[in-house]
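Everything on this sheet refers to the single structure shown next.
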Amino acid sequence: MRFPTLAPGVQTRRVTDVFNGLDRRLRAPDGCFRDTENLSARHWPLLSTRLRRGVCGTLESPGGLLGKDALCHVAGGTLYVNGLPTALTGLSPGLKQLVGMGAYVLVFPDKKFYNTEDPTDCGSMEADFTLTGDLTLSLCGLDGTPWPDPTPSPTAPEAPANGALWLQSGEGGATLCQWSEALGLWNELSTVYTRVEFTSEGEIPRLFRAYDGVEIEGLPLEDLNGSKILYALGGGEGERDCIVLAGLCPAAFTAENVTVRLRRRVPDMDFVCQCQNRLWGCRYGRNGDETVNELYASALGDFKNFRQYLGLATDSWTASVGSDGEWTGAVSYLGHPLFFKEDRLHTVTISPIGAHSVEEIVCRGVQKGSERSLCVVGESLYYKAPGEVCVWQGGFPQSVSAALGEERFFDAVGGAIDGIYYLSMRGETEGWRLFSYDTRRGLWYREDALHALCFAAARGELYAVDAESGALLALKGTAGEPEADFAWMAETGLQHYETADRKYLSRYNLTLRLSPGAELSIALRYDSAGDWEESGTLRFSGTGTVTVPIRPRRCDHLQLRLSGRGEGQICALTRVLEVGSDV
């Protein structure tokens, strides 16, 4: 009897030796994974575990991080520099915006400052002094030198001495003139100054400086109240203090038992940044007694003065904005302060003569609550927009997050080092997750469920604060105590093939390297149904390369999940496919 001869099945071999991270789309390219945990691109094209982190301690009531020459952080209402407490204490509870400006650390919304080079130079950006008592007013020069009382008269005095003062009265008001013997005429003084003397026991020189922009109320001459510049000040403990203001005092006099208030104020700002030696900020809503939608800039090199108007290029600056909606973030990028709303950004062009201008670009802005996602990586600006993660390089933003799939994320916080953009976000369904994005290769990875309160890069390390535990983490592991071995995982999407016939994999060959003591588990799920089926566990006792054969059962499609503990790299994944009958 003759039996039919069956032709052997045709085998095909497909090798994947380039692994391109996370891709949650329904049809992901070969070499991508539906989900990852604690993996990175540091040994790309291999699939590698992330660096072991360092644990640098636990912060009590953490409030923020700032990377300068030293690492600065706020915890328990106190500013710390290099882990040591400073004299800047009593900060309000909650998350802070920390801004570096030269040697200074600026703390918002508290409006406090600290000089890292001079620890005695710290305190409040604002100043407020109230005097109740006697004070003396008289005419003076710009530097506060007293002048004699002028001669009040509707007509010019006869035979005046050189430098004599004449207070000319008329229907348009009083005008102060000074006699010039060399010119033989009376010169009208466009700006006149008044010296105000009182006793503050040195409080005024301690709180204020020359050319501060202040608000004054309560002086007996109305011309001296309102928004003013302190052209000079003097005095000290045990001395009579004085300030010099622009305004006319017709004759020296003493006012008794008056109450005068002197204030230097910093506007309430939603977000702040430092750019070209100025502090910039934005505000939408109430600011004092006004409802505003404004941008602000401090005087050049002076973060305390936002009302210094001397007619110079170094003056403070304020601009109203016509676009509607709340501000959602601010950052300095390519020499420009950028201010975001959810549907647009405003970029300020800084003028060397003080004529700064604002350009509005309607585009994908920063998602509300994700202002801390703004991060400059290399020469590009990355941030979390309402529906995606974007990169901006000066034109229109481009999305880089298609691989993250359709899930919506919120409250993103970002940090960067070595070309890697780290982004901690709250998912709509799966909670908090920490992603890393390799900006050089365009690859995403999910690391773990870290809820990062803030990031800061300092001394070649990227630090993060765990919002749940308060732990201060060094993500590259160059500081602190190394963490214990961590679990890792890579899960493929659906493994489909080109033919519609029934087919099966005769085996997977997995080539990998594992460190001593590491282990690997392999699981499969068939036809998108049922639980994961364990296909073996490998425990490795030495460093080297091993090939693991995996024999799945016949199916239409499957998913592969690799999980393990300890450091290692996956070098290649080989699939041997055979086509069977339709039965």
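The values are calculated or read from the model by the stated rules, or taken from the named source; none is laboratory data. From a predicted model like this one, the values you see are computed outputs, not experimental measurements. Here the Cβ positions follow ideal geometry from the backbone for every residue, glycine too, while neighbour counts run over all protein chains shown. Accessible surface areas use protein heavy atoms only, side chains included; no ligands, DNA or RNA. Shrake-Rupley method; radii C 1.70, N 1.55, O 1.52, S 1.80 Å.
Taking the listed residues G100, G83, G21, G76, the one that is at pLDDT 95 or above and under 32 Å from the mean Cα position of the chain (by Cα) is G100, with no other qualifying.
Taking segment 158-173 as the range and being farther than 20 Å from G141 by Cβ and touching a residue at least 12 places away in the same chain (Cβ under 8 Å) as the test, the residues that pass are S169, G170. Taking (1) surrounded by fewer than 13 Cβ atoms within 10 Å (Cβ to Cβ); (2) in contact with a helix residue (DSSP H, G or I) (Cβ under 6 Å, 6 or more places away or on another chain); (3) among the hydrophobic types (A, V, I, L, M, F, W, C) in turn, L142 satisfies each apart from (2).
Residues in segment 436-444: is at least one in contact with a strand residue (DSSP E or B) (Cβ under 8 Å, 6 or more places away or on another chain), under 25 Å from C72 (Cβ atoms), at pLDDT below 95 and part of a strand (DSSP E or B)? No, every residue in segment 436-444 fails to be in contact with a strand residue (DSSP E or B) (Cβ under 8 Å, 6 or more places away or on another chain), under 25 Å from C72 (Cβ atoms), at pLDDT below 95 and part of a strand (DSSP E or B).
In this structure, does F455 turn out to be buried (at least 17 other Cβ atoms within 10 Å of the Cβ), over 26 Å from V99 (Cα atoms) and modelled with pLDDT of 95 or more? No. Residue count for segment 185-219, restricted to those that are open to solvent by less than 60 Å² (accessible area, probe 1.4 Å) and in a loop (DSSP other than H, G, I, E, B): 9. Residues that are touching an Asp or Glu at 6+ places or on another chain (Cβ under 6 Å), open to solvent by less than 10 Å² (accessible area, probe 1.4 Å) and closer than 22 Å to W392 by Cβ occur at least once in segment 347-367. With respect to the conditions (1) open to solvent by 10 Å² or more (accessible area, probe 1.4 Å); (2) more than 23 Å from D23 (Cα to Cα); (3) outside any loop (DSSP other than H, G, I, E, B), V465 falls short on a single one, namely (1). For segment 168-187, the set of residues classified as of a type in the set (G, A, S) and under 22 Å from D223 (Cβ atoms) consists of S169, G170, G172, G173, A174, listed by residue number.
Only a single criterion out of (1) in contact with a strand residue (DSSP E or B) (Cβ under 7 Å, 6 or more places away or on another chain); (2) at pLDDT below 85 is not satisfied by P482, namely (2).
One residue alone among L46, L26, L22, L84 is more than 30 Å from N509 (Cβ to Cβ) and hydrophobic (A, V, I, L, M, F, W, C), and that residue is L84. Picking from residues in segment 87-126 that are within 21 Å of R209 (Cβ to Cβ) and of a type in the set (K, R), the one that is least open to solvent (accessible area, probe 1.4 Å) is K111.
Do we have R14 as in contact with a Lys or Arg (Cβ under 7 Å, 6 or more places away or on another chain) and modelled with pLDDT under 90 here? It is true that R14 is in contact with a Lys or Arg (Cβ under 7 Å, 6 or more places away or on another chain) and modelled with pLDDT under 90. Please go through segment 318-342 and pick out each residue that is open to solvent by less than 30 Å² (accessible area, probe 1.4 Å) and not small (G, A, S). Those that are open to solvent by less than 30 Å² (accessible area, probe 1.4 Å) and not small (G, A, S): V321, W327, T328, V331, Y333, P337, L338, F339, F340, K341. Among the residues of segment 322-342, those that are touching a Cys at 6+ places or on another chain (Cβ under 8 Å) and assigned to a loop (DSSP other than H, G, I, E, B) comprise W327, G335. Going by what's in this entry, would R264 be described as at pLDDT 95 or above and either open to solvent by less than 30 Å² (accessible area, probe 1.4 Å) or among the aromatic types (F, W, Y) (or both)? It is true that R264 is at pLDDT 95 or above and either open to solvent by less than 30 Å² (accessible area, probe 1.4 Å) or among the aromatic types (F, W, Y) (or both). Could you go through segment 223-232 and let me know if any residue there is in a strand (DSSP E or B), in contact with a helix residue (DSSP H, G or I) (Cβ under 9 Å, 6 or more places away or on another chain) and under 22 Å from D302 (Cβ atoms). For segment 223-232, residues in a strand (DSSP E or B), in contact with a helix residue (DSSP H, G or I) (Cβ under 9 Å, 6 or more places away or on another chain) and under 22 Å from D302 (Cβ atoms): absent. Here G395 fits the description: open to solvent by less than 60 Å² (accessible area, probe 1.4 Å), over 17 Å from G281 (Cβ atoms), assigned to a loop (DSSP other than H, G, I, E, B) and not basic (K, R).
Filtered by the rule that a residue be surrounded by fewer than 17 Cβ atoms within 10 Å (Cβ to Cβ) and either in contact with a Ser or Thr (Cβ under 7 Å, 6 or more places away or on another chain) or not in a loop (DSSP other than H, G, I, E, B) (or both), segment 419-435 gives G419, G427, G431. Taking the conditions (1) open to solvent by 30 Å² or more (accessible area, probe 1.4 Å); (2) under 30 Å from C122 (Cα atoms); (3) modelled with pLDDT under 95; (4) not in a loop (DSSP other than H, G, I, E, B) in turn, G311 satisfies each one other than (4). Of the residues in segment 137-153, at least one is under 23 Å from I216 (Cβ atoms), touching a residue at least 24 places away in the same chain (Cβ under 8 Å) and of a type in the set (S, T, Y).
Filtered by the rule that a residue be of a type outside the set (G, A, S), over 18 Å from T132 (Cα atoms) and either surrounded by fewer than 19 Cβ atoms within 10 Å (Cβ to Cβ) or within 32 Å of the chain's Cα centre (by Cα) (or both), segment 220-230 gives D223, I229.
Taking the criterion of being closer than 15 Å to W280 by Cβ, assigned to a helix (DSSP H, G or I) and not polar (S, T, N, Q), would at least one residue in segment 355-362 satisfy it? No. W327 satisfies every condition listed in (1) out of contact with any helix residue (DSSP H, G or I) (no Cβ under 9 Å at 6 or more places or on another chain); (2) of a type in the set (F, W, Y); (3) under 28 Å from R263 (Cα atoms) except (1).
Checked across segment 259-279, the condition of being outside any helix (DSSP H, G or I) and closer than 17 Å to C140 by Cβ holds for no residue.
Filtering A251, A182, A161 for residues that are open to solvent by 70 Å² or more (accessible area, probe 1.4 Å) and not in a strand (DSSP E or B) leaves a single hit, A182.
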